[in-house]
1. Treat every Asp and Glu Cβ in the stretch C:1-155 as -1 and every Lys and Arg Cβ as +1, leave all other atoms uncharged, and give the resulting dipole magnitude about the Cα centre to the nearest 20 debye.
2. Quick one: dipole size for the stretch A:196-278, taken about the Cα centre, charges +1 on Lys/Arg Cβ and -1 on Asp/Glu Cβ, in debye to the nearest 20.
3. Find which of B:ILE42, B:ILE178, B:MET32 sits farthest along the positive direction of the dipole of chain B, computed with +1 on the beta-carbon of Lys and Arg, -1 on that of Asp and Glu, about the Cα centre.
4. Return the whole-Å distance between the Cα centroid of the stretch C:161-176 and the Cα centroid of the stretch C:1-42.
5. Give me the percent relative contact order of chain C, please, defined on Cα pairs under 8 angstrom at least 6 residues apart.
6. Rounded to the nearest 0.05, what FRET efficiency do C:ARG61 and C:THR29 give with R0 = 22 Å and r taken as the Cβ-Cβ distance? Could you check?
7. For the stretch C:107-173, what is one quarter of the convex hull surface built on the Cα atoms, given in nm²?
8. With a/c under 1.5 counting as rounded, go ahead and sort chain C into rounded, prolate or oblate using the C-alpha gyration tensor (a ≥ b ≥ c being the square roots of the eigenvalues; past the cut-off, prolate if a/b is larger than b/c, else oblate).
Amino acid sequence: MASGKRNVWRALLAEPLGVMGGAIVLTFVIMALFAPWLAPYDPLKIDVMHKFSNPSLAHWAGTDQLGRDLLSRIIYGARTALGVAITATGIAGLAGILLGLVAGYGPRWLDSLLILCFDSMTSLPMIMFALAVITVLGPSTATLILVIILVSIPGYARFIRAQTLSLTRSDFIMAEQAMNASNARIILRHLLPNVVGQLLVVLSMDIPVVIMLEAGLSYLSLGVKPPTPSWGNILYDGYVSLRQSPGMVIVAGIPLILATLGFTFLGEALRDALDPRLQLRTLT
Amino acid sequence: MSALYDVNNVSLDLVGPASGLQRLLPGSAPRMTILSSLSLSIGHGEMLGLVGESGSGKSTLARAMMGLVDITDGSLSFEGRPVKSRTDFMKVRQQTALMFQDAVASLSPRRKVAAQLIEPFEINGVPRPDGDRTAEIMLERVGLAPSIAQRYPHELSGGQARRVSVARALALKPKLVIADEPTAGLDVSVQAEILNLMTGLRRDMGLSFLIITHNLAVVRHVTDRVAVLYLGRMAEWGPTREVFAMPYHPYTRSLIAAEPQADPRKRRADLALKGEIPSVLARPSGCEFHARCPLARPRCAVEEPQPNMITPDRMVRCHFAEETRT
Amino acid sequence: MSAPLIKVDDLSIAYASEEGPLQALRHATLEARAGEAIGIVGESGCGKSTLASALINLLARNAKVTSGGVMFDGRDILSVSDEEKRRLRGRHIAMIFQDPMTSFNPVLTIGEQLVDFQDQREGLSKSEKRQQAAAMLKRVGISDPVRCLDRYVHELSGGMRQRAAIAAALLMAPQVLVADEPTTALDVTMEAQIIHLLRELRRDYNGAIVIVTHHLGVVGELCDRVYVMYAGEVVEEGSTDDVYHQPRHPYTQALIACDPANLHEQTPVLPTIPGRLPDLVNPPMGCSFAARCARAHERCRNEAPDYVEVGPRHWARCHEALS
């Protein structure tokens, strides 16, 4: 399995769902990166003359209650969704790796202390915690990211800690200790590469959860503040104007569903590709 | 001349699995005696074999000698200097290499062989002797192709992985190599190659070896002296040739008799040793071997035998060693 | 002489690999009679595990039979239906694995599993099946069989596990018992006990026993006949005594010479077999051992040798077997 990234890629491409997931994710990433070039209109430009217009050649996905082009808002929304999701899971993942490695390989008292912290974090109901933080700091994209990071860290850290604990008892770590390797060396060169792959799988499966969370909180006006386009905001607008334009909800829902499916497929394919047990071995 | 590594009266206890209330009361969990008053010395340039069944504490002793587990009692000394503190062990580890039973598992799974071979130099701040070609030259020394350097551990065969671990063990030109089951899981012809490699290195570099194994054939052919361990205690030690020719301890005798004979004409009729090695949680009283010993007498169950030096270089711990040996 | 119970006839098996079909087993022929114990011995990569999995009909998914078959009860068991394969396995042909831990389900007790293994046995109540299981555990030398029935596999020691696995294999009184490295995971003393047990069980067992191992000692202790394998081929077969005392194939000779158990004096250098296994994706056209054989000549490199009868029921696949 470790014989290279090449093999992981090959295994990933051999899986139809993985290819599909990868294609969807890639599409969203391109949308997010090149939004100014891809979007036919300015997503913030108000044109009340054409509000609630149905899909047409001029507006492929129609317009909203202020006459803003929905397709452009969806494309810019991808920027918000992926921006929040990738930043939040990325930072939470890094912090989780660090804390998990320290808890798993460090002294016992530190492990107990960290576990106590993680457990108290996870014992708080997530939504209540999120609402509390947002009430204190006020709704904004930055607050949203902070909340997501805080609630995700314990899970990632526990995951890394469990992996680290089992690796710590393995022969190759003991062999390093017998060669006088420093703790920093053991953690960075030998433990880290062995835990990071599995965490990537977890992270990619968590990205859609975070996208949903962002949309949900934005829908509740607790996340991304309007007029910044976010799939949650669009969904909210669509819900409010359900009577005038029932199509808006659907238009805003499709990217959410697709992103969820895309990242989940990719994550599952990645898990299979990284799992050496699933790779056939010839026996002689 | 003083010995290279001296293990003096070493005992090692571990805290056993705690149950229920024991978990709440620190110190009440059962203690398991893994090693008990064990003494052993390895001379300069000597090849010493340590044999015993699994559960006898062989691997624990090796780890204790490297400072990977703490001893409870007794003392260790390397080249006459006591080994106690972390810094003492750091020095010992620079001159002692440990080879693990599972050679593939002892290599870091996601790093290439080359990176793992030069690691001892990096860790100890020693310049690589042959620059960029160091790994290749190390591989050549143990009879492997230089291209192996670019492989990952799981791409190696059992014999290749074993050679890589020999190469890594020799990196810093150690004085002592502790090899835990160096031939386990290898084919007979490969097994002989690894043993030849080790004896050759000993001849050329004056290395000392501690070979830990349950394979008596290996011990018989390559070691100078052999020590027999049973349930964390030394049963017998002495020059290999003498011990195999005339074992004093009934356990040693049973072990030698238990070896399968690759000759249908020499099939054994009866069983050399019945039962299994007891658990360290239920250590028998008196002589720990008495429950399985074919020659046990009432005294064996109550009184611990003391080390008995039959000759200056032969020790046996058995009440009746001298009378039962015929 | 009785007819063979199970017969491997010109069997070739290849595994799909990235470089092309890997010919793990080439034209292997073997037979085992009732009441006989045969040994299949060879080093890693010789094809003995492939042969064992063909006997028990558990070939890997990427394995393909390219010639021959395994004849049992008048038909080729490799080509029967999956349903039939399952029926044969356990009922008629049973296997003892190297790691007894894997032959039991960790979340069921030994007793529950030994009762389950008898599900093909009609007209027996559950408590009768349990009694059968206890009786079988007693027979394999477990001193407290009733207590053992209520234990989980991780609660047993290594030696006990292997005894329980042997009991499980013998439970349905199979006609063929295949043991793949039955003692490799054990200590010398446990190994001796399992060998002793298998030898005792042989006395009142009427089926055929096939022992697959890399350990010449195990075969020497247990088997009547031995098949020596190298690079996917059976290179020599004969009675254990003949093969061990008058080996005719150079590989057999080298293998016996290498075994440290056969050396009685300390030597500075142990004998080895120089060279390595041939590439099984492109096996050599001549004798597969020619590249490592000290006696090889032109003919050995160009022409694959056939079986040469070197004695009564003793064959070697070597051009020089008679010289």
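We did not get these values from a lab; they are worked out from the coordinates using the rules stated. Predicted model, so just to flag it, every value in this text is computed and none were measured. With ideal geometry, Cβ positions are generated from the backbone for all residues, glycine too; neighbour counts draw on all protein chains shown.
1. That gives a dipole near 360 debye.
2. The calculated dipole for the stretch A:196-278 is roughly 180 debye.
3. Result: B:MET32.
4. The two parts, judged by their Cα centres, are 22 Å apart.
5. 21
6. In this case the efficiency is close to 0.30.
7. Seen from a random direction, the Cα hull of the stretch C:107-173 projects 4.1 nm² on average.
8. Judged from the Cα gyration tensor, chain C comes out prolate (a/c at least 1.5, a/b above b/c).
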